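The values are calculated or read from the model by the stated rules, or taken from the named source; none is laboratory data. Being a predicted model, the structure only gives us computed values, none of them experimental. Virtual Cβ from ideal backbone geometry, glycine too; neighbours counted across all protein chains shown.
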Amino acid sequence: MEKLDKDSYLKLSKWKRFVYKFKYFFLITIPRVFFKIEILDALSYLKLNRWQKLGYKIKYFYLIKIPRFFKNLGLKIWKGIKGFGLGVAHFFKNLFVTFKEGDKFTKLSYLFMGVGSFARGQILRGILFALMEIVFILYMILTGGYYLGKLNSLGLVQPLDADENLVANADNSFRILLYGVLTIFFIVAFIYTWYLNIKQNRINEQIKKDEKAIATTKDDLRAVVDQQFHRTLLALPTLGIIVFTLLPIVFMILVAFTNYDKNHNGISNALFGWVGFDNFGQLFSWSNGTNTFSATFGEILLWTLIWAFFATFTNYFLGLVVAMLINKKGIKLKKVWRTILVMSIAVPQFISLLYIKNIFAFDGIINDIIKFFGGQPVHFMDDQASPLMVRVTVILINIWIGIPYLMLVTTGILMNIPADLYESASIDGANVFQQYTKITLPYMLFVTGPYLLTSFTGNMNNFNVIYLLTGGAPHPQEMLKVNAGQTDLLITWLFKLTIDDSNYALGAVLGIIVFIIVAVISLIVYNILPSTKNEEAFQ
Amino acid sequence: MEKRSMGMAAKRRVANITTYVILVLISIIWIIPFIFLLLNAFDVGNPGLTGNVWPEKWGLGNFAYLFSAESNFLRWYFNTFIIALFACVGQTAMQFMMAYALSRFRFKLRKPMMNMMLVLGMFPGFLTMIVLYEVLSGLGMTGDSAVPGLILVNIASSGMGYYVAKGFLDTMPKSLDEAAEVDGATKFQVFYKVIMPLCKPIVIYTVLTSFMGPWGDFVFAAAIAKGAQGGMNVATGLNSWLDSSNIAGFYKYFCAGGVIVAIPVIILFLFLQKYYVEGVTGGAVKG
């Protein structure tokens, strides 16, 4: 917009002045206040008053730090892609060069794995390579090929025919997807082994040229407990993680793009198939007011974040206070106080949670006490309770559960705060509260920053507390349609959708969303956290 | 001057007394649910959920029921105990193998592996449940024979929880390994004879936490037992007594069962408290 000087402004009519002011405010004042930042040096920063400092910090955070973070992230991703591309090019170049320059055994190894190893006296390696090839070929012929071929459609022969009779040779979408994914994993592993087999030849040829000794089987066996010991150690845990975590997660990510639910269970009523992003559409179609999935999703997401925030910070600050009370100079029986609190960690959580749930029940003990004193019984956590009541109760009970743990965590750290910090503070006349806010809290936050982050994301996924205490109650009609309640977290809703409703596809979508939220929060916070940047602040 | 120091002492005394009052209140709040639970367990009056805390009639009938042939409690207890036993051996082994390799060795895939595990850990664990159910039912490890299945599930992916052990191993000086290797020890011997004996506190921590885990394991246990009484663990079994259809007849049994489950775990925990605290604080600082 055009900026006017004072004279031309005064010449304007009243209405035009108003319009000018209006435009000025939105186009110049607001951008100047919110979107522009002058980087201050330390001295001019210190001259600001408290509020200006805060404003400066906030602006600095979202105008400088966040864009810088995303810029770095972009650079990292670009580097990753570039590195991957170069790696692939390198891979093919290696294959080509090795083939061209290799002897006949090396060339044969391209087709028959292990030939090169046998020829050079590495019997054990030869046997393993050959075995891998045989197993792979057999697997692909016997089962792998079948599942891989059907992965595209997830099966064509429906389990029921037109008259609702069971078909004998029906497909099974679940198996096709699961074993299809497994087959892809196996193919990747096979290609890697095949490449390893070729690389071995190249390395051994080089060793021969240099007239050095090639590793014998005996050397290989020794390496298992010596040079290559880390591989020995990692083999079993990694295999377990791949089969029991990676494979199922890849499977479920894929399920998010199918219509796998109770009407398409893939085995006994109808096959399921690929549907693209339809399930995501169900959760995000805001325009459609009657779509209870999207409305419920919004409410549950909001409550999940609120819950995680309160559950984390109430526990943290109160746990810290309790730890400080017990650690206080002149307090005796420290061990007894600590043990009493710690006992509640030892009791399996389901017992304490289920018991507390019944204490707070409508005909439970708390209400009996209230009645004894002449009050009206209160609905704390059932379907007749108000949502606010349930939410507050749950957060309070969570304090009961979390404080002992936090007390343990913080006690050790509190003892490490150098005592002279407090001494010099009290000589300078700082009172207890000031010492808490200026020394204890900054120190604790600095040291336990990463812990706070993990407990925030942990609380987002705090299944036990919500599921065992409220089960999601209260359930208003609208939300009940999609089997949700007002204290459900994303994770408990996911559980109900998959286990109670067999709506696996939507559950998988929720799982992906939980993952994305957790990953984004962790990524941002880790990059901004002081303890990861400024490691020597308290040293 | 003297007067002023007297004032300080008095002030400190008041502060200490307030602190004691608060601590006593806190202790009461934390301990009272367990006392209620204990009282309910000895109440042989009405077996359902009643408002009164003080037993209508004292007796050991609830415990007698748990150990009688009528209830499946002993089966559940035994199931859980077996799972916990295997889990604490298996998980400790897996976690230390993973942690040791990541802490003491530098290899090409180290960083990618750690990042991969971090990313996998951000997915909610339930996502794996239906797949694991299918895989385990293919192996015949669900329903009434869920115990081996639960053991497998407990152990298989436990390598992902290597963080605390690695944090501890990271603090051990590299010179220990080097000295042993100069003397001709293989890496395996360094691991087994030099480092592991020094890891006693953190091994005990890992054993303790992995032993306690299965006692409270609810979600996976319920999914894999799928309602079959013979395959349940204590958490799923006792929870089934609190169903709206069962609670009127079983609530006091639940309380008695809770007491029986909690007591050994508490005793074990109190004995090994020192190690637990060490592990927890170490883990928190490392993040």
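Structure notes:
- Just one of the listed residues (A:247, A:239) is under 30 Å from residue A:95 (Cα atoms), in contact (Cβ under 8 Å) with a residue 12 or more places away in the chain and at the interface with chain B (Cβ under 9 Å from one of its Cβ atoms), and it is A:247.
- Selected residue (criterion: nearest to residue A:342 (Cα to Cα)) from residues of the range B:47-76 that are within 12 Å of another protein chain (Cβ to nearest Cβ) and surrounded by 14 or more Cβ atoms within 10 Å (Cβ to Cβ): B:53
- Residue selected from the range B:222-240 under the condition surrounded by fewer than 21 Cβ atoms within 10 Å (Cβ to Cβ) and not in a helix (DSSP H, G or I), by the criterion farthest from the other protein chains (Cβ to nearest Cβ): B:228
- Any chance residue B:24 is assigned to a loop (DSSP other than H, G, I, E, B) and of a type in the set (A, V, I, L, M, F, W, C): no
- The residue that is nearest to the chain's Cα centre (by Cα), among those in the range A:437-488 that are of a type in the set (Phe, Trp, Tyr) and buried (at least 17 other Cβ atoms within 10 Å of the Cβ), is A:456.
- Residue B:44 falls short on exactly one of the conditions (1) among the β-branched types (Val, Ile, Thr); (2) under 19 Å from residue A:349 (Cα atoms); (3) surrounded by 13 or more Cβ atoms within 10 Å (Cβ to Cβ); (4) more than 7 Å from chain A (Cβ to nearest Cβ), and that condition is (2).
- Restricted to the range A:346-360, and to residues there that are among the hydrophobic types (A, V, I, L, M, F, W, C) and more than 7 Å from every other protein chain (Cβ to nearest Cβ), the residue that is farthest from residue A:401 (Cα to Cα) is A:360.
- Candidates are the residues of the range A:285-308 that are over 10 Å from residue A:489 (Cα atoms) and touching an Asp or Glu at 6+ places or on another chain (Cβ under 9 Å); the one that is modelled with the highest pLDDT is A:296.
- Criterion: at the interface with another protein chain (Cβ under 7 Å from one of its Cβ atoms) and either assigned to a helix (DSSP H, G or I) or touching a residue at least 24 places away in the same chain (Cβ under 8 Å) (or both) - qualifying residue of A:320, A:341: A:341
- Which listed residue is without any contact (Cβ under 8 Å) to a residue 12 or more places away in the chain and more than 11 Å from chain B (Cβ to nearest Cβ), from A:268, A:285, A:294: A:285
- Identity of the residue in the range A:374-415, exposed (fewer than 15 other Cβ atoms within 10 Å of the Cβ) and touching a residue at least 24 places away in the same chain (Cβ under 8 Å), that ends up farthest from the other protein chains (Cβ to nearest Cβ): A:386
- In this structure, residue A:193 does not satisfy being assigned by TED's automatic domain parsing to the domain that holds residue A:138 and either small (Gly, Ala, Ser) or in contact with a Leu (Cβ under 8 Å, 6 or more places away or on another chain) (or both).
- Extreme residue, farthest from the other protein chains (Cβ to nearest Cβ), among residues of the range B:82-111 that are over 16 Å from residue B:196 (Cβ atoms), surrounded by fewer than 16 Cβ atoms within 10 Å (Cβ to Cβ) and not charged (D, E, K, R): B:85
- Residue within the range B:158-177 that is within 28 Å of residue A:260 (Cα to Cα), touching a residue at least 12 places away in the same chain (Cβ under 8 Å), assigned by TED's automatic domain parsing to the domain that holds residue B:196 and among the small types (Gly, Ala, Ser) present: no
- Filter result (free of Cβ contacts under 8 Å to residues at least 24 places away in the same chain and either in a helix (DSSP H, G or I) or at the interface with chain A (Cβ under 9 Å from one of its Cβ atoms) (or both)) within the range B:241-261: B:242, B:254
- Flag for residue A:331 being surrounded by fewer than 18 Cβ atoms within 10 Å (Cβ to Cβ) and either at the interface with chain B (Cβ under 10 Å from one of its Cβ atoms) or not in a helix (DSSP H, G or I) (or both): yes
- With respect to the conditions (1) farther than 15 Å from residue B:219 by Cβ; (2) at the interface with another protein chain (Cβ under 8 Å from one of its Cβ atoms); (3) modelled with pLDDT of 90 or more, residue A:459 lacks only one, and its number is (2).
- Residue check for residue A:442: out of contact with any Leu (no Cβ under 6 Å at 6 or more places or on another chain), within 12 Å of chain B (Cβ to nearest Cβ) and at pLDDT below 85: no
- In the range A:2-121, counting only helices (runs of 4 or more DSSP H) that sit wholly within it, the ones holding 1 or more residues that are among the β-branched types (Val, Ile, Thr) span A:14-24, A:50-59, A:66-101, A:104-109, A:115-119.
- Flag if residue A:525 is at pLDDT below 85, part of a helix (DSSP H, G or I) and crowded, with 19+ Cβ neighbours inside 10 Å: no
- Selection of helices (runs of 4 or more DSSP H) fully inside the range A:430-486 by the criterion of at least 1 residues being without any contact (Cβ under 8 Å) to a residue 24 or more places away in the chain returns A:432-435, A:441-460, A:477-480.
- Pick from the range A:201-231, criterion surrounded by 17 or more Cβ atoms within 10 Å (Cβ to Cβ) and in contact with a Phe, Trp or Tyr (Cβ under 8 Å, 6 or more places away or on another chain), ranking: farthest from the other protein chains (Cβ to nearest Cβ): A:201
- Pair list, Cβ < 8 Å and 6+ apart or interchain, from the range B:178-189 residues that are under 17 Å from residue A:224 (Cβ atoms) to residues that are assigned to a loop (DSSP other than H, G, I, E, B) and not charged (D, E, K, R): B:187/A:227
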